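Have a look at the structure below before the remarks.
The values are calculated or read from the model by the stated rules, or taken from the named source; none is laboratory data. It should be emphasised that the depicted structure is a prediction, and the values quoted were computed from it without experimental measurement. FYI the Cβ positions are ideal-geometry reconstructions off the backbone, even for glycines, and counts take in every protein chain you see. Surface accessibility is based on the protein's heavy atoms, side chains included, excluding ligands, DNA and RNA. Shrake-Rupley method; radii C 1.70, N 1.55, O 1.52, S 1.80 Å.
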Amino acid sequence: MKASTLSLVVLFATLQGTVSNAGQDFLVKLKPGTLNSFRFMKTFSTGDQKVETLTDEWVHVKSSAASNVRFNNGLTLKQTLQSNEMVEYVQPNYKIKLLENYKVNNPYQRSLIAKALESSPSTDAQTDNPPIPNAPTNEKVGIDSDLNKQWGMNDIGGKEAWKIHKGNRSMIVAVLDTGTDYTHPDLVANLWRNPGETGVDTNGKDKSSNGVDDDNNGYADDIIGWDMARNDNKPYDVAVEQLKLIFGGGNPGHGTHCAGNVAARGNNSIGISGVAPNVQIMTLRFMDEKGSGTTDGAIKAIKYAVDNGAKVLSNSWGSEGEDPAEDASNQALKDIIQYAQDHGALFIAAAGNGHQGVGYDNDTDGKPGYPASYNHDIIVSVAALDSSNKFGSFSNWGVRSVDLGAPGVKIYSTVVGGGYSDKVVDLPMLGIEVFWDGTSMATPHVAGAAALYWSAYPEKTWQEVKAALLNNTVAVPELQGKLVTGGKLNVLKMLEAK
Ligand code: CA
């Protein structure tokens, strides 16, 4: 203990040299049982380091100092961390990003977009996220008006499956993404409501807004989830306006679209239905309006989901960090997925879209994409199919690494602002039309199917739910030799097979 104390004083010794804006961002794995000592000692900090606890084993260390800045022990921050006897492993806080990028690269089109942007008034006025509405107390009942626009829902046997089971609220699916439009009329009824932050506290104050972490889960007033990117309780899906999106990239409302296919409210007379029409959606936002995040946010989101009762995690995102040539590994991310596995949750993951920098129409057996390609048993990797049983031209595949196909081309779902669309961008004046395509769109169908099945058969283990997903696909000749199952998702077959 004494030696540790000494090493910590060194760790947080005074910085030498100039501080730049470059900054350093590490995830640090501690040896078992050292977390409290490590945290206690951080109070001796004399530098600008911020230390945040992620799990019992991992902490996040951030500094605004440039990486070549040395402490008065002659070592850099990374070296100082590595030499601390409580520290097992130091890794970069690797980046996380959306799998789709809608930026237009054609120079002529870009010049047109630039002109259009100049003449269009800015829509960046919104700075505060809207308040979280209460769950509706009475709703209309009736067939969802846009059900016929959801080709995918038909394709996987959704309508027939709902005659057997529609899901119940004890089943929670966490959507780990860019947030959701939690004011959306087709989502609000199915939002997860944290039972530990509802009702009144001992002072008679509303627990949902008393600023207190009433359920002692580490987050105050976390009513429907959490925003890990902004660190607040309003995980709103801040979307980039479509002209700006195609000019500079960013988030078009990805999380809202994904959440709708998992569990938009069914039989409420409006819009669409998710695959699991009556389960709860837990919103965990860890990617921002630029569509980017970091591993610490993914760790917090996965841990939150598991610790707060989510059984299915829907993951339409990609992570960096694996490079055998450089002996690099995103061990922190692998560890937290293992934590999810140890707690019996399923991790549904987008197989990835090849043209996003790792080759077109990629075989991930040879060129893995993460987190989908990690070999944790709870991971179900999902490819994207169109309405003619063909892979989306962008979809990754792999006979050993990608489990099944699901609808992921021209997908209709909820969008930010309370509406619905199968188009991300629709600017006929500029000749630009972009559909909601992606393994990102396929993944929520599988997450919803897992949730619906598990809701119908709550006694099942995660192994059995995964087996139900994989053993009840519909065989498609073109998918043979390309996917583990050689087939596509079918939720009706799953429910019928029991
Ligand atoms: Ca709380």
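What whole-number distance in Å separates the alpha-carbon centres of the stretch 388-427 and the stretch 190-256? The stretch 388-427 and the stretch 190-256 have Cα centres spaced 26 Å from each other.
Ignoring ligands, DNA and RNA, what accessible area per residue does the stretch 250-339 give at 1.4 Å, in Å²?
Averaged over the residues of the stretch 250-339, the accessible area is 23 Å².
Between Lys205 and Ser64, what length in nm is gained on full extension when 0.36 nm per residue of separation is reduced by their alpha carbon distance? Intermediate results must be reported in sequence, preceding the final value.
Working: separation 141, 0.36 × 141 = 50.76 nm, distance 3.92 nm.
Difference between extended and current length: 46.8 nm.
Once you list every other residue whose beta carbon is under 12 Å from the beta carbon of Ala406, what net charge do they have if Lys and Arg are +1 and Asp and Glu are -1? Let's see the in-between values first.
Details: positive: Lys488; negative: Asp155, Asp386, Asp403.
That sum, taken over residues with Cβ under 12 Å, equals -2.
How large a share of the accessible area of the stretch 19-93, in percent, is made up of carbon and sulfur atoms when the probe is 1.4 Å and the other protein chains stay in place? Walk me through the intermediate numbers first.
On the way: 1760 of 3690 Å².
Carbon and sulfur atoms account for 48 percent of the accessible area of the stretch 19-93.
The value obtained for the stretch 196-287, namely the Cα convex hull volume divided by the number of residues, is 128 Å³ per residue. Other residues lying with their Cβ under 13 Å from the Cβ of Pro185 contribute a combined charge of -3, Lys and Arg counting +1, Asp and Glu -1.
Label-to-label distance, Asp146 versus Asn105, with points set 7 angstrom from Cα along the beta-carbon direction: 3.1 nm.
Beta-bridge orientation, the chain: approximately 55 percent antiparallel, per DSSP, counting only bridges with both partners inside. The apolar share of the surface of the stretch 426-470, taken as the fraction of accessible area on carbon and sulfur atoms (1.4 Å probe, ligands and nucleic acids excluded), comes to 58 percent.
When ranked by the protection proxy of mean other Cβ atoms within 10 Å per residue, highest first, what sequence do the peptides 183-196, 283-296 form? Show your work: numbers first, answer last.
Working: 183-196: 20.7, 283-296: 24.4.
Per-residue Cβ counts within 10 Å, averaged per peptide and sorted highest first, yield 283-296, 183-196.
Close amide H contacts of Ser413 (hydrogens built in the peptide plane, cut-off under 5 Å, sequence separation of 5 or more or a different chain): Ser421, Asp422. For Leu30, the accessible surface of its heavy atoms amounts to roughly 0 Å² (probe 1.4 Å, protein chains only, rounded to the nearest 10). All other residues whose Cβ lies under 11 angstrom from that of Asn93 are scored, Lys and Arg at +1 and Asp and Glu at -1, for a net of -2. Dimensions of the chain along the principal axes, based on C-alpha atoms and rounded to the nearest Å, stand at 67, 61, 50, largest first.
Based solely on its DSSP helices, what 222 nm [θ] is calculated for the chain when runs of n ≥ 4 H residues each add -39,500 (n - 2.57) and the sum is averaged over all residues, nearest 500 deg cm²/dmol?
Numbers: 13 runs with 126 residues, N = 498.
Rounded to the nearest 500, it is -7500 deg cm²/dmol.
Counting heavy atoms of the protein chains alone, Trp436 has an accessible area of about 0 Å² for a 1.4 Å probe.
Backbone phi angles across the stretch 84-101, fed through the Karplus curve with coefficients 6.51, -1.76 and 1.60 (θ = phi - 60°), yield HN-Hα couplings of 6, 6, 7, 9, 9, 7, 10, 9, x, 7, 4, 6, 10, 8, 4, 7, 10, 9 Hz in residue order; Gly and Pro are listed as x.
Measuring nothing but protein heavy atoms, the accessible surface of the stretch 121-210 at 1.4 Å probe radius is 52 percent carbon and sulfur. On the basis of the beta-carbon distance and an R0 of 25 Å, Glu118 and Glu320 show a calculated FRET efficiency of 0.10.
Largest accessible area first, the residues Leu81, Leu492 order themselves as Leu492, Leu81 under a 1.4 Å probe with ligands, DNA and RNA left out. Its relative contact order, with pairs defined as Cα atoms under 8 Å and 6+ residues apart, puts the stretch 348-498 at 23 percent.
Across every pair of non-identical alpha carbons in the stretch 19-93, the mean reciprocal distance, once inverted, gives a Kirkwood radius of 12.4 Å.
Summarising the label geometry, the points placed 7 Å from Cα in the beta-carbon direction at Ser393 and Asn471 lie 3.9 nm from one another.
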